[in-house]
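Report on the structure given below.
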Amino acid sequence: MDIRTATTTAELLAAGHLYDSPPTPKWASLFLAAGGHLMLIAHVDGAPAGFVSGIEMLHPDKGTEMCLYELAVDAPYRRRGIGRALTDALAAEARRRGCYGMWVGVERDNEAALATCRSAGAGDDGVFAMRTWEFGGPS
């Protein structure tokens, strides 16, 4: 397994089978241009097998922390430590960038995600409620 930071639109598009929806060249380009956004892709035998995306979040009274935005591993590669390796790689990059911490929101019934977080050393910060606003489809 080889974990690399995606730096081109082509790399992001090649990992499209791992995302929730098909990526577009426009959105991939905007992602790469956005400051503080990064995606690490795990390759097995040269093919994308998983990814983790992170977003640096900055606040005037806290400094910068990393949000683990999304983690996915292709079904044939699950339970091989790829999710843990991607999480560890994102945490290492967050430390390198000077982030004071990292966080992720996980549904309480998502056992695979909870196990990955535990194995990577994440603590449980308690139950919280998430509320969302929907503004229509992607543009």
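A Cβ distance below 7 Å, combined with a sequence gap of six or more or placement on separate chains, defines the contacts here; from the stretch 5-25, residues that are closer than 18 Å to GLY36 by Cβ reach residues that are part of a loop (DSSP other than H, G, I, E, B) in the pairs LEU12/ALA6; LEU12/PRO23. Taken over the stretch 99-127, residues that are without any contact (Cβ under 8 Å) to a residue 12 or more places away in the chain, assigned to a loop (DSSP other than H, G, I, E, B) and hydrophobic (A, V, I, L, M, F, W, C) amount to 1.
If you filter the stretch 15-24 down to residues that are open to solvent by 60 Å² or more (accessible area, probe 1.4 Å) and either in a helix (DSSP H, G or I) or touching a strand residue (DSSP E or B) at 6+ places or on another chain (Cβ under 9 Å) (or both), you find that the one that is modelled with the lowest pLDDT is ASP20. Screening LEU90 on (1) open to solvent by 30 Å² or more (accessible area, probe 1.4 Å); (2) among the aliphatic types (A, V, I, L, M); (3) over 19 Å from PRO23 (Cα atoms) shows it passes everything except condition (1).
The values are calculated or read from the model by the stated rules, or taken from the named source; none is laboratory data. On a predicted model such as this, the values are computed, not experimentally measured, just so you know. Backbone-built Cβ (ideal geometry, glycine too); neighbour counts: all protein chains shown. All accessible areas refer to the heavy atoms of the entire protein, side chains included, with ligands and DNA or RNA removed. Shrake-Rupley method; radii C 1.70, N 1.55, O 1.52, S 1.80 Å.
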